[in-house]
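J.: Below you will find the structure I want to go over with you.
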Amino acid sequence: MSTLKFLLEKEFKQFFRNPFLPRTLVFMPIMIILIMPFAATMDVRNINVAFVLNEQSPLTNRLIQKVSSSEYFNLVDVTSSSKEALSLVEKGTADMILEVPVGFERKLTREGKGDLLLSINSVNGAKGGIGSSYIATLLNDFALEMRDELAPVVLSSSTPVIQIVPRYLFNASLSYRTYMIPALITILLTLLCSFLPALNIVSEKEAGTIEQINVTPVSKFTFIIAKLLPYWIMGFLVFTIAMILACWVWGLIPVGNVATIYLIAIIYVFAMSGFGLVISNYSGTMQQAMFVIFFFMIVLMMMSGLFTPFRSMPLWAQYITAINPLRYLIEAMRMVYLKGSGIQDIARNLAALIGFAVFFLLWAVQSYKKSN
Amino acid sequence: MDNIVIETNLLTKRFGNFTAVDKISFQVTKGEIFGFLGANGAGKTTAMRMLCGLSIPTSGSGTVAGYDIARQSEMVKRNIGYMSQKFSLYEDLKVWENIRLYGGIYGLSEKAIAEKTDRLLQTLNFENERNTMVKSLPLGWKQKLAFSVAIFHEPKIVFLDEPTGGVDPVTRRQFWELIYQASDRGITVFVTTHYMDEAEYCHRVSIMVDGRIEALDTPKNLKLHYGVKNMQEVFYHLAQTAKRGD
């Protein structure tokens, strides 16, 4: 095994002399923990509202006051022309139009009913939907205030009201960030422990130095271990830094056992390193390898439940996620990190990842050839 | 016949229905400088790769340093050095680090590596370059260093694939002095080249045409046989019968 020592020495020197790799170690956790959580959020804020007023009254002023004082809405314009408001939406300055018809105040005070027209830009369906539910809540609130002022006694006692008080488990503040961070950390491992060593091996192929190694007595196994070990060490270093940052910056502490997290992460890294090696064995040039990696990275991320729950995908797509190692890791990470699940709860994920590890490592060894 | 270090018998390599190397048979003895000549695409590199255990023969057989090239390729690799056409040191490692790496790969001890590195750098007049990154060395220096690294572990045979390509005449001359020194120490040198003046330096020369060995003898006998003045003309005479180019 003394050969391994010399090879590891070489790999570490090359790693730290590379102009790009040591910087990745610093920037990756910063990107993933400090910057991405701001971007990966489903909270809708700063919805721009334009009002179209067909009448001016104390009530409409109060309505405008109510909407513009909410932290979710910005008032961009108050106009009397719906055409002008629509052009604001077309330009992108406004997200929704709230139109107040003629006789709104009179109808509301006399009949206890009022109509408003709400138009929402729904190019982004999720944003449109969330925006409309926010404004609905706000208007409801407004209506309740009105009702209490106009007929405080009669109405409130005659209508039965069911009040639902939800208790949100595991992520009490319903923060999308809390949900995303444990999953985003896994992307670090995928890049560092799987795809970077694959590119490293292909770069030796391109430079021709791998040929020089192939005419020496260095065994396949020693060569591959010497390639992987430095990236495994770096990967888990960055993984640990990311978890510490998550705790320090976002106060996100794993509910479950940290050892369980490392266990499943290690098995995942075995599987994905095997996958990376397979790619490197079949690629002759960096360009080829990069293209294949890029393709698989997108598939891995999109079909893993990272952004959208895979259970809401169509059945055929769910079958595809079943052969995605990342899905099992992300699922288990969220379970352990947020719910505090133990090993028995994630046994199915562990078993799946062990299967992938065996499959890819065997394939990698079989497809690596010192001679042809 | 203990002195024979390379022997091939009808060695053949086919890729699909293209026969790169076609039933070649020859012997090389210990300490010999064996020139392996041929036009581009004649099959030199493929033949050399088979001898080094990088490529598995389609048919025929061969032994290198007493080991079968098809079945004992890992044993062959312990006993050879190899320097390829493509430059084969690590550009982002320093001179001493490259020497140390290959010494370590062949199982030399830390102490032996340190001592031999000092001696080697001294002989090459490289002491000032010990800590230089290989990528900033001039090509000729790199090639001399690559050769020295290839024989650092005292192999029985060293294979050189166009070692002096792109190198100036003075450095080429120095390079061949290194080759002679190695040969004097009993290391067999198996070298391919396109420079005919270098062919004259070899003890024996083989010329490959379309995957077959068309001529094999000392440069002197080859010139006599074809009735020409130099190796250049011997090569022209044989190479123009070739049907395939590159």
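J.: Can you tell me the orientation of helix B:110-124 relative to chain B, as the angle in degrees between its alpha-carbon axis and the longest Cα principal axis, to the nearest 10?
T.: Between the helix axis and the principal axis of chain B, the angle is about 70 degrees.
J.: A further question follows. Choose one of B:GLN122, B:SER88, B:THR132: the residue whose Cα lies farthest towards the positive end of the charge dipole of the stretch B:86-148 (beta-carbon charges +1 Lys, Arg; -1 Asp, Glu; about the Cα centre).
T.: Of B:GLN122, B:SER88, B:THR132, it is B:SER88.
J.: Can you check how the C-alpha radius of gyration of the stretch B:97-235 compares to 2.2 N^0.38 Å, as a plain ratio? Spell out each step's value before the answer.
T.: Details: Rg = 17.2 Å, N = 139, 2.2 N^0.38 = 14.3 Å.
It is 1.20.
J.: With each label point set 7 Å from Cα along the Cα-Cβ vector, what nm distance links A:ASN61 and B:HIS203?
T.: 11.1
J.: Nothing charged except the Cβ atoms of Lys and Arg (+1) and of Asp and Glu (-1): what's the magnitude of the dipole of the stretch B:86-148 about its Cα centre? Round to the nearest 20 debye. Walk me through the numbers before you get to the answer.
T.: On the way: 10 positive and 8 negative charges, 34 e Å.
Taking the Cα centre of the stretch B:86-148 as origin, the dipole is about 160 debye.
J.: Can you list the residues, at least 5 places off or on another chain, whose amide H is less than 5 Å from the amide H of B:THR132, using H built in the peptide plane?
T.: Under 5 Å from the amide H of B:THR132 lie the amide H atoms of B:VAL95, B:TRP96, each far enough along the sequence or on another chain.
J.: For the stretch A:47-150, what does the equivalent ellipsoid look like in terms of its semi-axes, each the square root of 5 times an eigenvalue of the Cα gyration tensor, given largest first in whole Å? The partial results should precede the final answer.
T.: Values: eigenvalues 104, 49, 25 Å².
Its equivalent ellipsoid spans semi-axes of 23, 16, 11 Å.
J.: May I pose another question? For the stretch B:86-148, treating each Cα as an identical point scatterer without solvent, what Debye log10 I(q)/I(0) comes out at q = 0.15, 0.17 1/Å?
T.: The computed values of log10 I(q)/I(0) come out as -0.40, -0.51.
J.: Report the label-to-label distance for A:ALA322 and A:MET290 in nanometres (one decimal), using points 7 Å from each Cα along the Cα→Cβ vector.
T.: 3.7
J.: Hey, another quick one. Zone of A:GLU90 (label point 7 Å along Cα→Cβ, backbone N under 19 Å): which residues in the stretch A:103-145?
T.: Backbone N within reach: A:119-124.
J.: Using the count of nearby Cβ atoms within 10 Å as a rough guide to exposure, how do A:SER57, A:SER69 rank from fewest to most? Write down the numbers at each step before the final one.
T.: Numbers: A:SER57 16, A:SER69 10.
Going from sparsest to densest Cβ surroundings: A:SER69, A:SER57.
J.: Using a Förster radius of 30 Å, what is the FRET efficiency between A:THR109 and A:VAL249 based on their Cβ-Cβ separation? Nearest 0.05, please. Don't skip to the end; give the middle numbers.
T.: Values: r = 51 Å, r/R0 = 1.72.
Plugging the Cβ-Cβ distance into 1/(1 + (r/R0)^6) gives 0.05.
J.: Check A:ASN74: other-chain or 5+ apart residues with amide H under 5 Å from its amide H, H built from backbone geometry?
T.: A:ILE47, A:ASN48, A:VAL49
J.: How do the peptides B:15-23, B:81-89 rank, highest first, by the average count of neighbouring beta carbon atoms within 10 Å per residue? Don't jump to the answer; show the numbers that get you there.
T.: On the way: B:15-23: 14.4, B:81-89: 22.0.
The packing order, highest mean first, is B:81-89, B:15-23.
J.: Of the listed peptides A:240-246, B:119-125, what is their order by residue-averaged count of other C-beta atoms within 10 Å, with the highest listed first? Present the calculation step by step, with values, prior to reporting the outcome.
T.: On the way: A:240-246: 19.1, B:119-125: 13.9.
Top of the packing list down: A:240-246, B:119-125.
J.: Checking the cross-link filter: which lysines have an alpha carbon closer than 20 Å to that of B:LYS116, excluding same-chain neighbours under 8 positions apart?
T.: Within the straight-line limit of under 20 Å, B:LYS116 reaches these lysines: A:LYS5, A:LYS10, B:LYS94, B:LYS142, B:LYS144, B:LYS156.
J.: Where the only charges are on Cβ atoms (+1 Lys, Arg; -1 Asp, Glu), what is the dipole of the stretch B:70-196 about its Cα centre, to the nearest 20 debye? Before the final figure, lay out the partial values.
T.: Numbers: 17 positive and 15 negative charges, 46 e Å.
Result for the stretch B:70-196 is approximately 220 debye, rounded to the nearest 20.
J.: Further, regarding this structure: If we sort A:312-318, B:102-108 on the protection proxy, mean other Cβ atoms within 10 Å, highest first, what's the order? Let's see the in-between values first.
T.: Values: A:312-318: 10.4, B:102-108: 20.4.
So the order, starting with the most tightly packed, is B:102-108, A:312-318.
J.: Where the only charges are on Cβ atoms (+1 Lys, Arg; -1 Asp, Glu), what is the dipole of chain A about its Cα centre, to the nearest 20 debye? Don't jump to the answer; show the numbers that get you there.
T.: Numbers: 28 positive and 22 negative charges, 265 e Å.
Computed charge dipole of chain A: roughly 1280 debye.
J.: Mind checking the mean number of beta-carbon atoms from other chains within 10 Å of the Cβ atoms in B:91-103?
T.: Numbers: counts 3, 8, 5, 2, 0, 0, 5, 1, 0, 3, 8, 4, 1.
Average per residue, whole number: 3.
J.: Quick one: pull the percentage of alpha-carbon pairs in the stretch A:78-136 with a separation above 16 Å.
T.: 52
J.: Another question, then. Is there a simple number for the mean count of other chain Cβ atoms within 10 Å of the Cβ of residues in B:54-64, and what is it? If you can, show how the numbers build up before the last one.
T.: On the way: counts 7, 2, 3, 0, 0, 0, 0, 0, 0, 0, 0.
Other-chain Cβ atoms within 10 Å of each residue's Cβ, averaged: 1.
J.: Let me ask something additional. Within the stretch A:32-74, what residues put their amide N at less than 20 Å from the label point 7 Å along the Cα-to-Cβ vector of A:PHE307?
T.: Output list for this probe position: A:32-45.
J.: Along the stretch B:37-49, what does the Karplus equation 6.51 cos²θ - 1.76 cosθ + 1.60 (θ = phi - 60°) give for ³J(HN,Hα), rounded to whole Hz, x for Gly and Pro?
T.: 9, x, 5, 4, x, 6, x, 4, 5, 4, 4, 5, 4
J.: Arrange B:CYS52, A:CYS247 by Cβ neighbour counts within 10 Å, fewest through most, would you? Kindly include the intermediate steps, with their values, before the conclusion.
T.: On the way: B:CYS52 25, A:CYS247 13.
Fewest-to-most Cβ neighbours within 10 Å comes out as A:CYS247, B:CYS52.
J.: One quarter of the convex hull surface, Cα atoms only: what value does that give for the protein assembly as shown in nm²? The partial results should precede the final answer.
T.: Numbers: hull surface 161.4 nm².
Its Cα hull, projected and averaged over all orientations, spans 40.4 nm².
J.: Oh, and also: To the nearest 0.05, what FRET efficiency results for A:ILE162 and A:ASN46 with a Förster distance of 41 Å applied to their C-beta separation? The partial results should precede the final answer.
T.: Details: r = 33 Å, r/R0 = 0.80.
Efficiency, from the Cβ-Cβ distance: 0.80.
J.: From the mean inverse distance of alpha carbon pairs (Kirkwood) and the Cα radius of gyration, derive Rg over Rh for the stretch A:214-322. Could you put the intermediate results ahead of the total?
T.: Working: Rg = 17.6 Å, Rh = 17.0 Å.
Rg/Rh for the stretch A:214-322 comes to 1.04.
J.: Using only DSSP helix segments of four residues or longer, with each worth -39500 (n - 2.57), what per-residue ellipticity at 222 nm results for chain B after dividing by its residue count and rounding to 500? Intermediate results must be reported in sequence, preceding the final value.
T.: Numbers: 9 runs with 91 residues, N = 246.
Calculated at 222 nm, the ellipticity per residue is -11000 deg cm²/dmol.
J.: Specify, per residue and in Å³, the volume enclosed by the convex hull of the alpha carbon atoms belonging to chain B.
T.: Numbers: hull volume 31.9 nm³, N = 246.
That works out to 130 Å³ per residue.
J.: Could I ask something else about it? Report the Rg/Rh value for the stretch A:1-107, based on alpha-carbon coordinates and the Kirkwood definition of Rh.
T.: Values: Rg = 28.1 Å, Rh = 18.7 Å.
A ratio of 1.50.
J.: Report, to one decimal in Å, the Kirkwood hydrodynamic radius for the stretch B:6-89 based on all distinct Cα pairs.
T.: 13.3
J.: Who wins for biggest fluctuation among A:SER203, A:SER80, A:SER175 in a Gaussian network model of chain A, springs between alpha carbons below 10 Å?
T.: A:SER80
J.: Can you pull the one-decimal nm distance between simple spin-label points at B:ASP118 and A:LEU150, each 7 Å off the Cα toward Cβ?
T.: Between B:ASP118 and A:LEU150, the simple spin-label model gives 10.2 nm.
J.: Please rank B:GLU110, A:GLU204, fewest neighbouring Cβ atoms within 10 Å first, as an exposure proxy.
T.: Lowest count first: B:GLU110, A:GLU204.
The numbers here are math on the coordinates, done by the rules we state, and not lab data. The model shown is predicted, which means the values in this text are computed figures rather than measured ones. Glycine also receives a Cβ, built like all others from the backbone with ideal geometry; neighbour counts cover every protein chain displayed.
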